[in-house]
Amino acid sequence: MNTSGDSKWVVHISGDAPNAHDDTRARFDDALRDDLADLEQELGRTPVFALSLFQVPGEDQRWKRLKPDLVEISEGLMRSRNVIAPLESVIRELAQ
């Protein structure tokens, strides 16, 4: 997912049933866009990075960094309005 065809960032979300969770992913996308707009203002440039999220089922709010550019994230955390807070450090590191 990215904001436009000329975007310099991409977040790919994978999981067992990618089309079954469209509402959760849409809310996550909105939160991510807002955070990246703030980061762009702070950096003075468009953040450039690629991040893969592996969405796992569960109502708990957990995440785990599996590789520098791969994060496992629970569906419960993706639905949370605070979803970006735990991922922000990962995004900032990749955008440097």
Mind listing just one residue for me: the one in the stretch 78-93 that is under 15 Å from Thr24 (Cβ atoms) and over 11 Å from the mean Cα position of the chain (by Cα) and, of those, most open to solvent (accessible area, probe 1.4 Å)? Arg81
Any idea how many residues of the stretch 25-68 are in a loop (DSSP other than H, G, I, E, B) and either open to solvent by 40 Å² or more (accessible area, probe 1.4 Å) or out of contact with any helix residue (DSSP H, G or I) (no Cβ under 7 Å at 6 or more places or on another chain) (or both)? 10
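The values are calculated or read from the model by the stated rules, or taken from the named source; none is laboratory data. In this text, all values refer to a predicted model and were calculated from it rather than measured experimentally. Cβ atoms come from the backbone with ideal geometry, glycine included; neighbour counts cover every protein chain shown. Just so you know, the surface numbers come from the protein's heavy atoms only, side chains and all, with ligands and any DNA or RNA stripped out. Shrake-Rupley method; radii C 1.70, N 1.55, O 1.52, S 1.80 Å.
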